[in-house]
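Below is one structure, written out as structure tokens, with a few remarks after it.
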Amino acid sequence: MSLVKKTMKIFSLDTVVYKYTQKNPDKFITLKDEDIYALQRCLLEMLLELDNTCQMYNLEYALIGGNVLGKIRHNGFIPWDDDVDVIMFREDYDKFKKIFYKSKLCKKYVLRGPGCKDGADYRCMKIYKKDTVMRPILSKKNAENKIFIDVMPVDNVPDSLLRRQFKAFHCNFLIAILGCCEFRNNTNELLKKEMKRTLVGKLNFLIRNLIASVFLIVPLEKWYQKFDKASIYLKKTKDVTIVNGKLLYMGEIAPIDMFYPFHRCEYEGINTWIINRPKDYLKHRYGKYEIIPHKEDRESHCVEELKI
């Protein structure tokens, strides 16, 4: 593991959260198989309604990430998975922000994201289902904390290596700023208290607050919008990226035909869309995707509160 990756792991809030859950298992709800199944059924209902709306307004979307892995490896959800991620190319992504409020979706759901009427609590759009609760461990104070679907934009990447590196640096820099500003504005007292238990945690806490104190002269909502605009590259190119992906700008770059055109497929009993070359995407994204991880290596499911 490189020095950069080791440093990122140490300063990741996910590391802090993991250590906290190991020390305090009695304070959280560990999702059982029946909970995950019920959550997946709820997400499928949301996906079906999203699909109906997109067809009505001629918008295109496709499953991405773990849902593609689930479709290819398990012919549906990864059994222990508890989320749905979809992508839209930038033009449709921006259109969706407008049509959402004209559609039936607005009666049952809340749309949040950069440039959305209800504001943003993350870098991309999230469709939250009203009358549900899914409060993650040490959740943000100002987030919806409901069951949601992530909608991520697909953006063109400059053909020039120098331009794409500059754009990647710009986007990653803004992600770092956003992470610090979110921490300062939204993170609850429980997480802050936990961080102060160790020297690394105290240093993490100090650095995040120092950076946030400089950049929060501009409201957090404006930083979300700045990041979204920084991701856009209007010129048609041969490669695209998902800037909000876990591998960040450069790691998510792929030929446009890996994603598009989208194809209709069956997913857990409903008709939806999937990317053009799912197996090539999985090799690019996960490597040896066919191998099912050992139970101890799978993501654990713990929440403070769940209401479906």
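Some values worked out for this structure:
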read-out: Test set (1) open to solvent by less than 60 Å² (accessible area, probe 1.4 Å); (2) modelled with pLDDT of 95 or more; (3) not in a loop (DSSP other than H, G, I, E, B) - Arg163 fails condition number; value: (1)
read-out: Wholly enclosed strands (runs of 3 or more DSSP E) of region 75-145 bearing at least 3 residues of a type outside the set (A, V, I, L, M); value: 125-129
read-out: Qualifying residues in region 33-56 (those that are loosely packed, with under 15 Cβ neighbours inside 10 Å and over 18 Å from Tyr128 (Cα atoms)) - the one modelled with the lowest pLDDT; value: Asp33
read-out: Every pair of residues 6+ apart whose Cβ atoms lie under 6 Å, when the first sits in region 45-65 and is touching a residue at least 40 places away in the same chain (Cβ under 8 Å) and closer than 14 Å to Lys95 by Cβ while the second is β-branched (Val, Ile, Thr) and open to solvent by 10 Å² or more (accessible area, probe 1.4 Å); value: Tyr57/Ile99
read-out: Checklist (1) over 17 Å from Asp228 (Cβ atoms); (2) at pLDDT 95 or above; (3) open to solvent by less than 40 Å² (accessible area, probe 1.4 Å) applied to Asp81, failing item; value: (2)
read-out: Complete set of residues in region 183-197 that are free of Cβ contacts under 8 Å to residues at least 12 places away in the same chain and among the acidic types (Asp, Glu); value: Glu189
read-out: Residue in region 116-127 that is least open to solvent (accessible area, probe 1.4 Å), counting only those that are over 17 Å from Tyr61 (Cα atoms) and under 11 Å from the mean Cα position of the chain (by Cα); value: Arg123
read-out: Filtered residues of region 210-234 (kept if of a type outside the set (S, T, N, Q), within 13 Å of Cys180 (Cα to Cα) and not in a loop (DSSP other than H, G, I, E, B)); value: Leu210, Ile211, Ala212, Val214, Phe215, Leu220, Trp223, Tyr224
read-out: Filter pass, Gly66 being among the small types (Gly, Ala, Ser) and on the phi > 0 side of the Ramachandran plot; value: no
read-out: Residue count for region 282-308, restricted to those that are assigned to a helix (DSSP H, G or I) and of a type in the set (A, V, I, L, M); value: 1
read-out: Within region 55-74, considering residues that are part of a loop (DSSP other than H, G, I, E, B) and not hydrophobic (A, V, I, L, M, F, W, C), the one nearest to Ile147 (Cα to Cα); value: Gly65
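Here's the yes/no breakdown for (1) at pLDDT 95 or above; (2) touching a Lys or Arg at 6+ places or on another chain (Cβ under 8 Å); (3) open to solvent by 70 Å² or more (accessible area, probe 1.4 Å):
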| residue | (1), (2), (3) |
| --- | --- |
| Asn188 | no, yes, no |
| Arg197 | no, no, yes |
| Leu203 | no, no, yes |
| Ile232 | yes, yes, no |
| Thr241 | yes, no, no |
| Gly251 | no, no, no |
| Ile256 | yes, yes, no |
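So that you can scan it fast, the table gives a plain yes or no per residue for (1) within 19 Å of Phe183 (Cα to Cα); (2) in contact (Cβ under 8 Å) with a residue 40 or more places away in the chain; (3) open to solvent by less than 10 Å² (accessible area, probe 1.4 Å):
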| residue | (1), (2), (3) |
| --- | --- |
| Val110 | no, no, no |
| Lys129 | no, yes, no |
| Ile137 | yes, yes, no |
| Ala143 | yes, yes, no |
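The values are calculated or read from the model by the stated rules, or taken from the named source; none is laboratory data. This structure is a prediction, so every number in the text was calculated from the model and none was measured. Here the Cβ is made from the backbone with ideal geometry for all residues, glycine too, and neighbour counts use every protein chain on show. We work out accessible area using only protein heavy atoms, side chains counted, and drop any ligands, DNA or RNA first. Shrake-Rupley method; radii C 1.70, N 1.55, O 1.52, S 1.80 Å.
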